Amino acid sequence: MKPKTVLGWTILLILVLAPVAAWYFLGPSAEEWTDYSSITHTLGELTALVALTMMALTFVLSTRIKFIEDIFGGLDKVYIAHGILGGSALIMILAHPILLVLKFVPSDMYQAAVYLLPSAYWSVNFGIIALLGLIGLIVITLFTKLKYNTWKFTHEFLGLVFIFALLHAVLVRNVATQDNIFNGYYWYTAIVGFIGLSAFSYSLFLKDRLFKAATYTIKSITQRSENTFELILSAEHKPISYRSGQFIFVRFYNEQLSKEAHPFSIASRSDSPDIKIIVKQLGDFTSKIVHLRRGDKVSVEGPYGRFNYHGRGKAHQVWIAAGIGITPFIGMAEDIRVEKKLENTIDLYYAVKNGTDFVGLEELNAATKVTKNFRVFPWVTSDNGHLTTETIERASGGLKDKEFYLCGPSGFKEGIIHNLLKAGVAKEHIHTEEFDFR
Amino acid sequence: MKIKGPVGIALVIFVVITVNIIAAGLLQHAPDTATVMNSGVSIVSVTKNKTPQPAPVVIKNTTSTPSKATVTELQPTTPTPAPKPVRKTRAS
């Protein structure tokens, strides 16, 4: 994990453990919770408060606010944290009712059963609705393959789940609990609720209104391979400023395509007035890319990401791409071509399944012509087998003291990273770009 | 996503525990009756091992002060002499 990502996770951990700290410093004295019943009850309440805090933080992480991206060292890392936090919130919330009923087990199983079922108390039922809602929506996210826009629509109901959880947290204390987990409980719940609901409302309703995305039009559409298309986007007003290797969220205004924004790597050189993106027909949305026409309007939000080869000193760099993962490297190669100089050595390994799948070899080869320090190693897996770290080690002269940049399908990346770590490459020398934000 | 596995395990554990608790609790509290079909004509409900329940004990507030008349009626009476203990002998 990079130092920046560590910083982000440390902050998250501190915030998530805030209710535990509040209970420790502001809660009842130790004598009041030494019996089995009090311990399980306290743990049950704490898991719920930790889960509520985690939910609020997942909303904050999904706002795409710049300073959060800075803390984590890239928006892709922010979304990874968002996913892990969301899943952890569900695990915590699952423990909440189980821990609460443990005080009835096994002496009064009927009471334990009644505790878990809907009752006349709506404050309790709000909690059951929130629990079932969270289970349903997280299961949809993690275990189903819904169409992206359908999934995104379901994901927006998490705000409603959060409201039910808040109602439960505030109202249930008059019904089900006699104790006071810590002084200031209502204040804590109100603050968490305010932060969570503000972040959620900002993402869903306010962001697009407050911060207008830049408007571009499609200048050209070119088919680069059997199922890959290159789009050149031209700014209607002021173009956005970006560095090669970053990515943008693009919303296409075309009747055939759904209106939600999708992330795409920038494949053009830094701060080029026109933005080049390369789209492979992989999913339900990208398969409709053929319906786009020249002159279609698009909105561009960003740039995001920290995937760039600059700022690593003179270390020998190894870029490893698979399939459509080549796109950020095309932009970086364009930078090399324009700058016409490269102080360090960069080797690019580009793996595709079949020879016809290569995209952007022209741009890559153009960069190799301006400097000998940039080398490209195309690799066809159907002919040569999988690209391995041994191959890279032989061609680039060892793996030690090199900076590695990876982009491609997750299975490919995980395999390469595993072998690099096994070969003794330190984690901080491996840089990756994630695209699966779901 | 790496959280997929832990979430899956937690969900399975949650479902197993919850279903077990609810099933055990509801079975424990199920009405102690058995329905018997009688010659296919009518359904008769037969109570098994029905133990008569004691009537609830009502504890009344007895802290009220007795009236003067009552006090005069409750005069101490001459105590009945206690029966003399019978000493058992070896011979008896």
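The values are calculated or read from the model by the stated rules, or taken from the named source; none is laboratory data. Computed from a predicted structure; not experimentally measured. In this analysis, Cβ positions are derived from the backbone assuming ideal geometry, glycine residues included, and neighbour counts consider all displayed protein chains.
Observations on the model:
- Taken over region A:396-438, the criterion of being closer than 20 Å to A:Ile346 by Cβ, small (Gly, Ala, Ser) and either surrounded by fewer than 15 Cβ atoms within 10 Å (Cβ to Cβ) or in contact with a Cys (Cβ under 9 Å, 6 or more places away or on another chain) (or both) is satisfied by A:Gly397, A:Gly398, A:Ala423, A:Ala426.
To keep it simple, each residue is scored yes or no on (1) modelled with pLDDT under 90; (2) farther than 21 Å from A:Thr53 by Cβ.
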site: A:Gly133; (1), (2): no, no
site: A:Gln178; (1), (2): yes, yes
site: A:Tyr188; (1), (2): no, no
site: A:Ala213; (1), (2): yes, yes
site: A:Ala235; (1), (2): no, yes
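- Test: residue in region A:332-340 that is surrounded by fewer than 22 Cβ atoms within 10 Å (Cβ to Cβ), more than 23 Å from A:Thr389 (Cβ to Cβ) and without any contact (Cβ under 8 Å) to a residue 60 or more places away in the chain: yes
- Checked against (1) assigned to a helix (DSSP H, G or I); (2) more than 30 Å from A:Lys427 (Cα to Cα), A:Gly86 passes all but condition (2).
- Only one of the numbered conditions (1) hydrophobic (A, V, I, L, M, F, W, C); (2) away from chain B (no Cβ under 12 Å); (3) in contact (Cβ under 8 Å) with a residue 40 or more places away in the chain is not met by A:Ile65, and that is (3).
- Scanning region A:283-301 for residues that are closer than 12 Å to A:Leu257 by Cβ and of a type in the set (Ser, Thr, Tyr) turns up A:Thr286, A:Ser287.
- Within region B:11-24, residues that are within 11 Å of A:Ile98 (Cα to Cα) sit with their Cβ atoms under 6 Å from residues that are surrounded by 12 or more Cβ atoms within 10 Å (Cβ to Cβ) and of a type outside the set (Val, Ile, Thr), at 6+ positions apart or across chains, in these pairs: B:Phe14/A:Leu94; B:Thr18/A:Leu116; B:Ile21/A:Ala112; B:Ile21/A:Ala113.
- Within region A:389-438, the residues that satisfy the criterion of being more than 14 Å from every other protein chain (Cβ to nearest Cβ), of a type in the set (Asp, Glu) and without any contact (Cβ under 8 Å) to a residue 40 or more places away in the chain are A:Glu390, A:Glu393.
- Some residue of region A:106-119 being touching a residue at least 12 places away in the same chain (Cβ under 8 Å), out of contact with any strand residue (DSSP E or B) (no Cβ under 8 Å at 6 or more places or on another chain) and under 17 Å from A:Met55 (Cα atoms): no
- A:Gly408 out of contact with any helix residue (DSSP H, G or I) (no Cβ under 9 Å at 6 or more places or on another chain) and not aliphatic (A, V, I, L, M): no
- Residue within region A:119-129 that is more than 10 Å from chain B (Cβ to nearest Cβ), crowded, with 22+ Cβ neighbours inside 10 Å and either of a type in the set (Lys, Arg) or not in a loop (DSSP other than H, G, I, E, B) (or both) present: yes
Quick grid of which residues meet (1) within 8 Å of another protein chain (Cβ to nearest Cβ); (2) acidic (Asp, Glu); (3) under 30 Å from A:Ser203 (Cα atoms):
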| residue | (1), (2), (3) |
| --- | --- |
| A:Ala81 | no, no, yes |
| A:Lys103 | no, no, no |
| A:Met109 | yes, no, no |
| A:Leu137 | no, no, yes |
| A:Thr141 | no, no, yes |
| A:Leu146 | no, no, yes |
| A:Val170 | no, no, yes |
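- Subset of region A:364-388 (residues that are part of a helix (DSSP H, G or I) and touching a residue at least 60 places away in the same chain (Cβ under 8 Å)): none
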